[in-house]
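Have a look at the structure below, then the notes.
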Amino acid sequence: MSMKERLSGIWLMAMTLLSLCAYTVFFVAQMWLNVLYAAYLSLALLQVAALILYMWGPEKLTFKPLKILYRLLYASSLFVLPSFIFIFMGLISQYHVRIPESIDAVSMASEDILPGEKTTIYNTGTVYVIFPEYSGIELACGDRPSKSDRSITWCSGAAFQHTVSLGFTQENVEGDHAVAGALYESPYNKDGFAAVTFADGRFAFEFDNATEAVKRAAEAGGYGFMQFGLIHDGETVMSFDRPRARCYRTLAELNGNICIIDSVNMLHFDEFMEELHRIGVTNAVYMDMGAGWNYSWYRNAKDKVVTLFGLPVPWSHNWVVFRK
């Protein structure tokens, strides 16, 4: 056996193991982009088939279509590395970075968790409660807000999008939404949606008539969007069953102030909800924290940008932005 043939065998064995590993990680981590399940499984099966043909002996493939098939299977191994990198980056994006500048609130009374003059963050041991410094809250659509914009103190994903698309259209944003007084009606409103609006210098959560709330915000020249309602007047209004631990986020009202609440570590949804109730969250909407969609950053009191989840996906096209 020549050196070239030996290296080919080593390459195929390595890519077969890596493709099986990638599929297993994708399946176990439940990264919830279902169209990729079949793609990763198919890629793994192609590598297994290529390895079997190699072990049987490519020189024995006298039938021309089989030779072509072997070459195609061998060529498919070139997709294994980028696929594994995508899985790896998606997996690590599930983990929240530590915020060492946060205030220890493990033993703090809930009523003392309040905003400060600058962006203020509390760590209850289970969740981070983030009060961005702001004078206005916006829904940004289309172009991702820039970290160089020093007026922005918080940026994260906002509304769901109906399809995975590289191009942006307002119709792809699920739920009616308002941007600087412009109203965009959506064909994808869901019964469980609540609205978060900001107009006339005030924020509001609306659970009973989200559509009218967004219209009023638009008429006032403001902003608003819809997301699944989580907590209304201190009561859970969302039934959400997740079979595994992950990081969660909510846009919430606590002690009369709007804030973002992130889990410190990966945890189960019921644990996250228990902590929200323990600290006295009044109103809250669910903010998706899937891989890539959890892209978020804030500007701290020293005017430095701190990235919490730094892996944006090119098909994410709307964000909630706090401006000072």
- When the chain is modelled as a GNM with alpha-carbon springs shorter than 10 Å, which of Ala49, Ala210, Ala195 fluctuates the most? Ala49
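Quick check on the chain: helices-only [θ] at 222 nm, where DSSP H runs of length 4 and up contribute -39,500 (n - 2.57) each and the sum goes over total residues. Nearest 500, please. If you can, show how the numbers build up before the last one.
On the way: 6 runs with 96 residues, N = 324.
Roughly -10000 deg cm²/dmol at 222 nm, from the helical runs in the chain.
Shape call for the chain from the C-alpha gyration tensor, a ≥ b ≥ c root eigenvalues: rounded (a/c under 1.5), prolate (a/b greater than b/c) or oblate? Could the numbers behind the result be given before it?
Values: a/c = 2.58, a/b = 2.09, b/c = 1.24.
Here the chain falls in the prolate category.
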- Across Val281, Val214, Val313, the residue with the highest GNM fluctuation in the chain (Cα network, 10 Å cutoff) is Val313
- Message: How high is the relative contact order of region 176-324? Use alpha-carbon pairs under 8 Å, at least six apart in sequence, and give a whole percent.
- Response: 18 percent
- Query: Remind me, relative contact order of region 62-181 in percent, using alpha carbon pairs under 8 angstrom and six or more residues apart?
  - Reply: 14 percent
- Message: At 7 Å along Cα-to-Cβ for each site, give me the label-to-label distance between Glu274 and Asn209 in nm.
- Response: 3.9 nm
- Query: What is the chain's relative contact order, in percent, from Cα pairs under 8 angstrom and six or more apart in sequence?
  - Reply: 21 percent
- Task: Could you tally the net charge around Ala213, taking each other residue with its Cβ under 10 Å from the Cβ of Ala213, Lys/Arg +1 and Asp/Glu -1?
- Result: -2
- Item | Reach of Lys4 by Cα under 28 Å, taken over lysines that are not fewer than 8 positions away in the same chain | Lys60, Lys64, Lys67
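Apply the a/c threshold of 1.5 to the C-alpha gyration tensor of region 53-134 and tell me whether it is rounded, prolate or oblate. Could the numbers behind the result be given before it?
Values: a/c = 7.95, a/b = 4.93, b/c = 1.61.
Because a/c hits 1.5 or more and a/b exceeds b/c, region 53-134 counts as prolate.
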- Rounded to the nearest 0.05, what FRET efficiency is calculated for Glu219 and Leu69 with R0 set to 56 Å and r the Cβ-Cβ distance? 0.30
- Item | aspartates and glutamates with Cα under 17 Å of Lys324, excluding same-chain neighbours fewer than 8 positions away | Glu117, Glu133, Glu138, Asp149, Asp200, Asp303
- Listed residues Ala109, Ala159, Ala199, most fluctuating in the chain (Gaussian network, C-alpha, under 10 Å): Ala109
- Item | Shape box of region 100-237 [Cα atoms, principal axes, largest first, Å] | 46, 39, 32
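Here, each number is a calculation from the coordinates, and none is a lab measurement. Because the structure is a prediction, the values reported are computed rather than measured. No Cβ is skipped: glycine too gets one built from the backbone with ideal geometry, and neighbour counts run over all protein chains shown.
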